[in-house]
Structure formats: structure tokens, C-alpha cells
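Accompanying notes for the structure given below.
The values are calculated or read from the model by the stated rules, or taken from the named source; none is laboratory data. Owing to the predicted nature of the structure, the values given are computational and were not obtained by experimental measurement. Glycine gets a Cβ as well: all are built from the backbone with ideal geometry, and neighbour counts include every protein chain shown. Side chains included, ligands, DNA and RNA excluded: accessible areas come from the protein's heavy atoms. Shrake-Rupley method; radii C 1.70, N 1.55, O 1.52, S 1.80 Å.
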Amino acid sequence: MSEEHNFLLQRVQPAMVGLIDGSLSTLAPIFGIAFYTHRPHTAFVAGLATSIGAAISMAFSEGLSDTGELTGRGNPAMRGAITGIGTFLGGILHTRQFLITHYHAAVVAAAVVVAFELVALAVLRWRFFDTSFLKSLLAISVGGAVIAVVGALIGSTG
């Protein structure tokens with residue numbers, strides 16, 4: 001395998017898995033709590049806990065998924081660390097906006113950051129994995145929208 005292929009398989013792919021998971025898996029809990037309580041700080045705490053918990057879970061999942069010997073995916077501890085860090089970053093980026101004390105401002109700011117995250121993920125997929133930018137953006141955006149709507153609907157039932 002070439003150095004570029006190894007870099008993609010052992011570094012970029014675990015980072016992308018983490019970033020995508022962190023960006024998407026934290027949406028429902030954060031927006032669910034925000035819509036339920038209308039308290040940005042409560043949503044921040046939920047987002048922080050979700051980001052940390054998801055990061056730990058994804059780090060272990062990636063690290064334990066294979067030894068890397070048969071697949072060429074590299075050192076499992078390194079892949080796990082990269083995935084965990086990516087997951088945390090993906091979740092905390094839109095969680096931070098809930099430190100804004102005004103509810104509507106926090107929700108709008110978080111939604112804007114999520115939109116930028118989704119575009120950035122599509123750009124990374126296009127840049128490193130030769131995928132269509134528009135197809136990547138559509139796929140990631142549909143996933144993000146479905147998750148955010150589910151969280152908002154659950155939070156609005158209270």
C-alpha cells in the first residue's frame with residue numbers, strides 16, 4: 001500500500017468517522033433537551049456529557065474493531081484515539097453555543113454551526129475520498145436533519 005493510502009485508511013478515515021458521529025449523534029440529545037427545557041445551560045450540559053460519552057464509546061469501538069494486522073488499518077489504539085477526538089470535536093462544536101444565555105439565540109447559533117459542520121464534512125469527503133461534494137452534502141445533511149428533527153420533536157412533547 002502507498003503512504004497516501006495508509007494515511008487515508010489509518011488517520012483520515014478514523015477522523016471522519018469520529019467527526020461525522022460526533023456531529024450527528026449529539027444533535028438529538030442537545031436539541032431535545034433545549035426544546036424541552038428552553039434552558040441553554042441545561043442543553044450545554046447534555047451536549048457536553050453526550051460529546052464525552054460518545055467520544056469514549058467511539059474510541060473503544062474503533063480501537064477494538066480489529067487489530068489492524070489483517071486489514072492494514074494500523075495501530076488500534078491510535079485509530080481509537082483519533083476517532084474519539086474527532087467524535088468529541090464533532091459534538092462540542094455545536095454544543096458550545098448553548099453557553100449563550102438567551103434560548104433563541106443559542107438555538108439559532110447552534111443550528112448555524114451545525115450547517116457549517118455539515119458543509120465541512122462534505123468538503124473533507126470530497127477532498128480526501130474523491131466523492132461528489134453535492135452528494136456528500138446531501139447525504140450528511142439529510143442524516144443531520146432527520147436526527148435534529150427527531151430530537152426537536154421529542155423535546156417538544158414536554
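What the table shows:
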| item | result |
| --- | --- |
| Residue count, region 50-82 (criterion: among the hydrophobic types (A, V, I, L, M, F, W, C) and within 18 Å of the chain's Cα centre (by Cα)) | 9 |
| Close pairs from region 119-144: first closer than 24 Å to Glu4 by Cα, partner at pLDDT 90 or above and not in a helix (DSSP H, G or I), Cβ under 6 Å, at least 6 apart | Arg125/Thr131 |
| Meets criteria (open to solvent by 70 Å² or more (accessible area, probe 1.4 Å) and touching a residue at least 12 places away in the same chain (Cβ under 8 Å)) for Gly158 | yes |
| In region 109-136, the residues that are β-branched (Val, Ile, Thr) and either farther than 17 Å from Phe35 by Cα or open to solvent by 30 Å² or more (accessible area, probe 1.4 Å) (or both) | Val112, Val113, Val119, Val123, Thr131 |
| Given (1) among the small types (Gly, Ala, Ser); (2) within 13 Å of Val17 (Cβ to Cβ); (3) at pLDDT 95 or above, number of the condition Ser65 does not satisfy | (3) |
| Index of the failed condition, Ala139 passing every other in (1) closer than 22 Å to Leu27 by Cβ; (2) surrounded by fewer than 16 Cβ atoms within 10 Å (Cβ to Cβ); (3) not aromatic (Phe, Trp, Tyr) | (2) |
| Region 67-102: number of residues that are of a type in the set (Phe, Trp, Tyr) and out of contact with any Pro (no Cβ under 6 Å at 6 or more places or on another chain) | 1 |
| Helices (runs of 4 or more DSSP H) within region 1-101 that include 3 or more residues open to solvent by less than 30 Å² (accessible area, probe 1.4 Å) | 13-25, 27-37, 40-65, 76-95 |
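Matching residues to (1) among the small types (Gly, Ala, Ser); (2) modelled with pLDDT of 95 or more:
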site: Leu99; (1), (2): no, yes
site: His102; (1), (2): no, yes
site: Ala110; (1), (2): yes, yes
site: Val149; (1), (2): no, no
